[in-house]
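> First the structure, which I've put down as C-alpha cells, then a few questions once you've had a look.
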Amino acid sequence: MDRNIRTIALFTLRVFLYALVMILLNFAFFHDAQTITSTGKFGENSWTEILQEIFLFGLGILMLVSSRYDAVLKPLTYLMSVFFFMAFIREFNNQIPWWFYLEIPLILLFTGLLINYRKKILAAVYKFLDNRALAWLVIGFLVTFVFSRLFGRTAFWEHLLEADYNRWAKNAAEEGIELLGYALMFIGGVELLVESGKRRRENGNR
C-alpha cells in the first residue's frame with residue numbers, strides 16, 4: 001500500500017474510533033439521566049463515574065506502555081502514569097474514606113521518580129512539546145481540572161435555575177464535562193502511544 005494512502009487510512013480509522021468513544025459517552029449520559037442509583041443521578045455509582053475511572057486507569061497503562069517505546073520521553077511518561085493512577089484513586093474519595101492512604105505510596109513514587117530523572121526531565125518535556133498528543137492531553141486536562149470545576153459551582157447553577165435548582169442537573173453538567181475531558185486525555189494517550197511506536201519503527205529502519 002502506498003505510504004500516503006496508509007497514513008490517511010490509519011488517520012481515518014482513528015477518527016472513526018474516537019467518534020465511537022464520543023457515542024459511548026452519549027449512551028452513558030442518557031442512561032444516567034434515566035437511572036437513580038444509591039447516590040442519585042450521575043452519582044458515584046453511575047456509568048459516567050465508572051467511565052471516568054476506566055479512562056484514568058487506561059491512561060496510566062498507556063503512559064507505561066509508551067515509556068517502553070521512547071527512552072527520551074520515559075521520565076515524563078512515568079510521571080504522567082503515576083499522576084493518572086493517583087487521579088484514579090482520587091475518584092473513589094466518596095466510596096473509600098481512607099483513599100488518601102492509598103495515595104501515599106504513589107506520592108512517594110512520584111517524588112522518587114522526579115529526583116531520579118531530574119537531569120532528564122527537561123529533555124523529555126522539550127520532546128513532548130513536539131508531539132501531536134500534546135494538544136489532546138492539554139485540552140483534556142483544562143476541560144477536566146479547570147473548566148468542569150468552575151462550571152460545576154453550586155452558586156452558578158443556583159443563579160441559573162433559581163427556584164428550579166436541582167442538584168442532579170448540576171451533577172449531569174459537571175460530571176459530563178469532566179468525563180469529556182478524561183476522554184480527550186485518553187485519546188491523547190492513544191495518540192502518544194501511536195506516535196511513540198511510529199518513531200521507534202522509523203528509527204529502527206534507519
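We did not get these values from a lab; they are worked out from the coordinates using the rules stated. None of these values were measured; they are calculated from a predicted model. In this analysis, Cβ positions are derived from the backbone assuming ideal geometry, glycine residues included, and neighbour counts consider all displayed protein chains.
> Debye calculation, C-alpha points only, no solvent: report log10 I(q)/I(0) for the range 18-78 at q = 0.18 Å⁻¹, in the same order as the q values.
Calculated log10 I(q)/I(0) at the listed q: -0.70.
> Also, quick follow-up: Any chance you could run the full-extension gain for Asp130 through Ala155? It's 0.36 nm times the residue separation minus the Cα-Cα distance, nm to one decimal.
Length gained, Asp130 through Ala155: 5.0 nm.
> Taking the Cβ of Glu191 as the center, what net charge do the other residues with Cβ under 9 Å away carry, scoring Lys and Arg +1 and Asp and Glu -1?
Summing Lys/Arg as +1 and Asp/Glu as -1 gives +1.
> Within 10 Å of each residue's Cβ, count the other Cβ atoms and sort Met80, Met86 from fewest upward.
Sorted ascending by nearby Cβ count, the order is Met86, Met80.
> Run the paramagnetic zone check for Glu103: 7 angstrom along Cα to Cβ, then residues of the range 67-91 with backbone nitrogen under 18 Å.
Answer for this model: 79-91.
> Quick one: 3J(HN,Hα) in Hz for the range 112-126, Karplus 6.51/-1.76/1.60 with θ = phi - 60°, rounded, Gly and Pro as x.
Per-residue couplings from phi come out as x, 5, 4, 5, 5, 9, 4, 7, 10, 4, 4, 5, 5, 5, 4 Hz.
> When only C-alpha pairs under 8 Å and at least 6 residues apart count, what is the relative contact order of the range 3-204, in percent?
The value is 27 percent.
> Which residue fluctuates most in the GNM of the chain (Cα springs below 10 Å): Ile96, Ile50, Ile121?
Judging by the Gaussian network model, the answer is Ile96.
> For the chain, set up a GNM with springs between Cα atoms under 10 Å and report which of Glu158, Glu49, Glu195 has the largest fluctuation.
Among Glu158, Glu49, Glu195, the largest mean-square fluctuation in the Gaussian network model of the chain belongs to Glu158.
> Using alpha-carbon positions, what is the distance between the centroids of the range 1-66 and the range 138-206, in Å?
11 Å
> Run through every distinct alpha carbon pair of the chain and return the Kirkwood hydrodynamic radius in angstroms, one decimal place.
Evaluated on the chain, it is 18.8 Å.
> Then there's this: For a quick check: sort Phe85, Phe16 by the number of other beta carbons within 10 angstrom, fewest at the front.
Phe16, Phe85
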